[in-house]
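The values are calculated or read from the model by the stated rules, or taken from the named source; none is laboratory data. The model shown is predicted, which means the values in this text are computed figures rather than measured ones. Here Cβ is always computed from backbone atoms with ideal geometry, including for glycine, and neighbour counts include all displayed protein chains. Heavy atoms of the whole protein, side chains included, go into the accessibility calculation; ligands, DNA and RNA do not. Shrake-Rupley method; radii C 1.70, N 1.55, O 1.52, S 1.80 Å.
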Amino acid sequence: MALAKKGSRSILVDEIQYRWKARSEPDGTTHVVVELYDNPQQSVVAFFQSSLPNNPDERRAITPATVSAIVTYALDNGWNPEKKAKQLNLGFLDDKITV
């Protein structure tokens, strides 16, 4: 199922346009979903702790740089956004992506 256009943002990574959306959950996690902007097939989801490890009172900001790093990490780890498949779950990336 494709992300709704409403509330999602677009980003260009290596000349390819993607759509993404981040959402904080009540359990203290934030998940980010990314897919191709046009004709989305397989989406990818990454999770982060909502607060920063060194400052639990400060919320983690999901920036375009974070999303770009997620896309690069996903592509390096087998994501093929042009192939129809179930959503790829990358799990928690707190220790793998630093932006």
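Exactly one condition in (1) more than 14 Å from the chain's Cα centre (by Cα); (2) part of a loop (DSSP other than H, G, I, E, B) is not met by Asp57; state its number.
So the condition that Asp57 fails would be (2).
Which condition does Val34 not pass, out of (1) at pLDDT below 85; (2) open to solvent by less than 60 Å² (accessible area, probe 1.4 Å), if it passes all the others?
Val34 satisfies all of (1) at pLDDT below 85; (2) open to solvent by less than 60 Å² (accessible area, probe 1.4 Å) except (1).
Based on what the data block shows, is Val67 on the phi < 0 side of the Ramachandran plot, in contact with a Lys or Arg (Cβ under 9 Å, 6 or more places away or on another chain) and without any contact (Cβ under 8 Å) to a residue 60 or more places away in the chain?
Against the criterion (on the phi < 0 side of the Ramachandran plot, in contact with a Lys or Arg (Cβ under 9 Å, 6 or more places away or on another chain) and without any contact (Cβ under 8 Å) to a residue 60 or more places away in the chain), Val67 qualifies.
Restricted to region 4-23, and to residues that are open to solvent by 50 Å² or more (accessible area, probe 1.4 Å) and of a type in the set (Gly, Ala, Ser), which residue is farthest from Glu82 (Cα to Cα)?
The selected residue is Gly7.
Suppose we keep only residues that are open to solvent by 70 Å² or more (accessible area, probe 1.4 Å) and farther than 18 Å from His31 by Cβ within region 76-97. Which one would you say is nearest to the chain's Cα centre (by Cα)?
Restricting to residues being open to solvent by 70 Å² or more (accessible area, probe 1.4 Å) and farther than 18 Å from His31 by Cβ, the top hit is Asp76.
If Pro26 passes every condition in (1) open to solvent by 40 Å² or more (accessible area, probe 1.4 Å); (2) at pLDDT 95 or above; (3) in a loop (DSSP other than H, G, I, E, B) but one, which one does it miss?
Of (1) open to solvent by 40 Å² or more (accessible area, probe 1.4 Å); (2) at pLDDT 95 or above; (3) in a loop (DSSP other than H, G, I, E, B), only one is false for Pro26: (2).
Residues checked against (1) of a type outside the set (A, V, I, L, M, F, W, C); (2) in contact with a strand residue (DSSP E or B) (Cβ under 6 Å, 6 or more places away or on another chain):
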position	(1), (2)
Phe47	no, yes
Ala61	no, no
Ala65	no, no
Lys86	yes, no
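Just one of (1) open to solvent by 20 Å² or more (accessible area, probe 1.4 Å); (2) closer than 24 Å to Lys6 by Cβ trips up Thr66, so point out which.
(1)
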